[in-house]
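Working notes, beginning with the structure itself.
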Amino acid sequence: MNFSRDFVFGTATSSYQIEGAHNEGGRTPSIWDTFCATPGKVYEQHNGDNACDHYHRFEEDIQTLKKLGVDAYRFSIAWPRIFPEKGRYNPEGMAFYKNLAKRLREEGIKPAVTLYHWDLPMWAHEEGGWISRESVEWFKDYARTCFTELDSLVDSWITHNEPWCAGFLGYHQGVHAPGHTNMEEAVKAVHHMLLSHGEAVSMLKTEFSSSTPIGITLNLSPIYAKSDSANDQLAANNADGYSNRWFLDPVFKGTYPADMMNLFSKYVHSYDFIKEGDMETISVPCDFFGINYYSRAIVEFSAAQDFMSKGAFSDYEKTGMGWDIAPDEFKDLIIRLRNEYTDLPIYITENGAAYDDEVVNGKVHDVLRTRYIEQHIQAVSDLNDLGMNIQGYYLWSLLDNFEWSFGYDKRFGMIYVDFDTQERIWKDSAYRYAEIIKQREASLQIGS
Ligand code: GBH
């Protein structure tokens, strides 16, 4: 592996997944609190009420980050801590993030801050949520407050995390909050999320004249057809449209893909929610591009599955989520993005794997996760050797945490969390990650 000194090694979390303290500091519920309380939505009806109790233990967690030797820490802000009610700013909620960012900086760790990692305030949902175009205005108010209070303490801003999940899993597949199953709503929700992204980017640059880098994070998955048959090829094209192009095209080309607009029009009765100027707003230039990569997919044709396409059998080794381990396909993905979409610096803002970890004599030998991480960091190094300009890698995740609809059943952390005692235990992967970060410095000293 070969990384320059200014390559950023980091790790990532999100507010609802780790903070807990759901009713402290003036926080009101988000759509995830409500979704968790709805029977049948989340594994064993788990919720983020306490999660990793990071809200109270952030000092300890910062010490862990320091021991790991990471350059940067990616976390998200809980919107309902900042605006617990419509139009009411809550400085106490902001104080938590100000202090967190300040303490990170004092320890030499760069804060990379995501504005929206899925915890929409319930008040906003009750007023129509992302389906309403007004959400763009609510998000702008929220972003403006965050920029005002935090811009001087933050090293990079990410507007949205994975609008595919927030939009399509939340409003179309119904497996994420708010649990709707309406494609027309989902397409509108995505549009408003993307608009709010563009508006926030422009705001930071014009209203604030800030030079803090800002971008968006998309979850992208390379998709392959099961066979050469025209039907399977079509299925792959459609799945790619639904998962990837529906986001890449507007952000980088200022258009939605025409073939997908056509397919979606079976459900979307009118596209008149796309107003003049919207596509220019969405495609405003950013400073970097964030990518979350976990897996690839293979699809086959099925008339019933429509544009979602049917997942096909794959003989690849899987993680504990059942997702294919595919570092080579990760390389295909990045090369394609360079060829078809953008020259912006890329950050891998998430990559990692869940496994059923076991604590034995106070240790966690997570051999498979360690290998997954090594393979993907090696892929980043290979990609940079090809000139792909990836400037950072954030491991998902620092801690085992609330894995959305899987509750605490799936562990993504490099640090094990005992959710009864809140004890944190370093897994082997954490030691290995710290070593990789350190080795970079050692090898560079020899080389330079
Ligand atoms: C991210 O979502 C989230 O940002 C984060 O909050 C979460 O904890 C983390 O990942 C782990 O899940 O088609 O079967 O091959 C990732 C969401 C994961 C969605 C991979 C699409 C495709 C799996 N994506 N998934 S498959």
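The values are calculated or read from the model by the stated rules, or taken from the named source; none is laboratory data. As the structure is a prediction and not an experimental result, all values here were calculated from the model. Counting neighbours? That spans all protein chains shown, and the Cβs are built from the backbone with ideal geometry, glycine included. To get the accessible areas, we keep the full protein, side chains included, count just its heavy atoms, and leave off ligands, DNA and RNA. Shrake-Rupley method; radii C 1.70, N 1.55, O 1.52, S 1.80 Å.
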Dipole magnitude of region 8-447 about its Cα centre, charges +1 at Lys/Arg Cβ and -1 at Asp/Glu Cβ only, in debye to the nearest 20?
560
Once the whole set of protein chains is in place, how much accessible area is left on Glu149, using a 1.4 Å probe, in Å² to the nearest 10?
50
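Filter the GluC sites (Glu not before Pro) in region 332-412 down to the DSSP loop ones having no more than 14 other Cβ atoms within 10 Å, then list what survives. Spell out each step's value before the answer.
Values: sites: Glu340, Glu350, Glu358, Glu374, Glu403; in loops: Glu358, Glu403.
Those satisfying the criteria are Glu358.
With each run of n ≥ 4 DSSP H residues scored as -39500 (n - 2.57), what mean residue ellipticity at 222 nm is computed for the chain after dividing by its residue count and rounding to the nearest 500 deg cm²/dmol?
Details: 15 runs with 176 residues, N = 448.
So the calculated ellipticity at 222 nm is -12000 deg cm²/dmol.
Keeping every protein chain present and rolling a 1.4 Å probe, give me the accessible area per residue for region 165-309 in Å².
Numbers: 5250 Å² over 145 residues.
Per residue, region 165-309 has 36 Å² of solvent-accessible surface.
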Round to the nearest 10 and report in Å² the accessible area of Cys165, as given by a 1.4 Å probe over the protein chains' heavy atoms.
10
Percent carbon-and-sulfur accessible area, the chain, ignoring ligands, DNA and RNA, probe 1.4 Å
49
Positive end of the charge dipole of the chain (Lys, Arg +1 and Asp, Glu -1 on Cβ, about the Cα centre): tell me which of Leu218, Ala12, Gly407 has its Cα farthest that way.
Ala12
Highest GNM mean-square fluctuation, the chain, Cα pairs closer than 10 Å: which of Glu184, Glu162, Glu106?
Glu106
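So what's the net charge close to Val299: Lys and Arg +1, Asp and Glu -1, counting the other residues with Cβ under 13 Å from its Cβ?
Working: positive: Lys226, Arg296, Lys310; negative: Asp232, Asp240, Glu300, Asp306, Asp324.
Net charge in that neighbourhood comes out at -2.
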If packing is taken as the mean number of other Cβ atoms within 10 Å per residue, what is the order of 226-232, 290-296, highest first?
290-296, 226-232
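I'd like to compare 168-176, 382-390, 97-105: which one has the highest average count of other Cβ atoms within 10 Å, and what's the full order after that?
168-176, 97-105, 382-390
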Find the relative contact order for region 8-447 and round it to a whole percent, using C-alpha pairs within less than 8 Å whose residues are 6+ positions apart.
17
At q = 0.07, 0.09 Å⁻¹, what base-10 log of I(q)/I(0) does the Debye formula yield for region 8-447 when every alpha carbon is treated as an equal point scatterer in vacuo?
-0.32, -0.54
Run the reach check for Lys41 against aspartates and glutamates, Cα to Cα strictly under 12 Å, same-chain hits fewer than 8 apart removed. What comes back?
Asp33
Alpha carbon centroid spacing (whole Å) that separates region 126-168 from region 202-269:
19
Hey, if you put +1 on the Cβ of every Lys and Arg and -1 on every Asp and Glu Cβ in region 8-447, which of Phe83, Asn292, Ala101 ends up farthest toward the positive end of that dipole?
Ala101
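Sort 422-434, 187-199 by the packing proxy (mean of other Cβ within 10 Å over each peptide's residues), most packed first. Kindly include the intermediate steps, with their values, before the conclusion.
Details: 422-434: 19.2, 187-199: 24.8.
With the highest mean Cβ count within 10 Å placed first, the list reads 187-199, 422-434.
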